[in-house]
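Data first, discussion second: the structure below is written as structure tokens.
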Amino acid sequence: MLCVYKRKQDASPRGLQTEEASSDAIRRYKASDIGLREAARYYGVPARTLVWRIVSGNNFKRGLGPEVAHIQHLTTAGFAPDGQTFRRLTYQFAEKLGLKHKFFHITKMAGCAWLSSFLESNPEITVWQAEGLSLSRSQCSSRSEVDAFFKLLKQIMMEENLMEKPQNIFNMVESGIQLTNKPGKDFFYQRGQVYSCVDSSHTTHALQPLYRSFMGPLKAYYNNGAKLWLQQHDRNITRYQAGYIMGNALNKAASVVNTVAGFKATGIFHLNPDIIPEHFYGISDASVSTFATITPL
């Protein structure tokens with residue numbers, strides 16, 4: 001049976017004490033001015049932490065553990081581990097570092113209870129549903145690609161006086177259930193003419209308003225409608241039923257809130273190239289850094 005440690009409600013929080021408070025507590029304890037438990041309560045440092053620092057002679061807070069640092073490195077490179085992989089890596093770390101542990105030697109993995117406790121102790125590590133990402137998309141999600149797109153977008157918007165005319169800015173994409181999508185386009189209608197600003201086919205997940213705020217809800221509403229229809233009818237969905245279900249999903253997903261959010265999140269209106277988050281370039285930057293450090297034979 002797995003044992004899960006639960007902290008007492010009145011226990012002092014861990015990791016919040018400063019090095020200065022810890023140093024003062026140790027100094028006064030060694031000078032016999034104050035007892036260990038009294039020093040821990042007065043300076044807000046757990047008693048076990050004081051004992052460990054006094055015995056080891058190390059009064060510096062330990063940084064990120066090897067597990068957290070390794071996860072950050074893998075995530076930056078685009079290879080975030082799943083639960084089983086992380087539990088296996090943790091076991092390997094413990095074995096390599098010679099740490100005492102109660103992990104499973106047969107499966108060579110840390111336990112599920114340990115993983116839950118680890119996530120509670122490290123809130124900066126979160127669990128997300130993984131999405132497919134092609135190598136081309138990861139490498140082309142570069143700053144140069146995004147800068148070129150916004151440069152062209154700004155030029156067209158200024159030439160056609162669209163900076164304050166969102167009603168003349170449209171977004172058109174093509175989506176389906178296939179594994180890869182065709183490149184989308186942003187269309188600008190003005191005085192009977194059409195001006196298109198085409199983004200890279202590998203940056204649609206960041207620069208396409210429809211992908212950012214519409215396609216997700218649309219497919220979710222469609223899937224829910226399809227499940228409901230199958231529950232009510234004992235037969236397969238044909239293209240006729242699919243059209244009806246898609247129409248209902250479209251009415252729900254095509255809201256003003258979703259539309260405004262999509263154009264805002266992509267920096268198209270109002271024009272804001274800086275809205276693209278830094279983590280969008282993480283994999284591309286990591287690829288460039290990796291290739292730059294390779295020494296030719």
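For the range 85-127, give me the residue count where each residue is surrounded by fewer than 13 Cβ atoms within 10 Å (Cβ to Cβ) and closer than 30 Å to E278 by Cα. Count: 7.
Just to confirm my filter: which helices (runs of 4 or more DSSP H) fall fully inside the range 1-106 and include at least 3 residues that are modelled with pLDDT of 80 or more? Even if it seems obvious, please write down each step before you answer.
Numbers: elements: 19-30, 36-43, 47-56, 66-76, 83-97.
In the range 1-106, 19-30, 36-43, 47-56, 83-97 are the helices (runs of 4 or more DSSP H) which contain 3 or more residues that are modelled with pLDDT of 80 or more.
Contact map, the range 135-151: first residue under 16 Å from Q208 (Cα atoms) and assigned by TED's automatic domain parsing to the domain that holds H270, second residue at pLDDT 75 or above and outside any helix (DSSP H, G or I), Cβ cut-off under 8 Å, separation 6 or more or different chains; pairs are V146/I276; F150/G267; F150/L271. Residues that are exposed (fewer than 15 other Cβ atoms within 10 Å of the Cβ) and over 26 Å from the mean Cα position of the chain (by Cα) within the range 203-236 comprise K227, L228, L230, Q231, Q232, H233, D234, R235, N236, listed in sequence order.
The values are calculated or read from the model by the stated rules, or taken from the named source; none is laboratory data. Small disclaimer: the values here were computed from a predicted structure and weren't measured. No Cβ is skipped: glycine too gets one built from the backbone with ideal geometry, and neighbour counts run over all protein chains shown.
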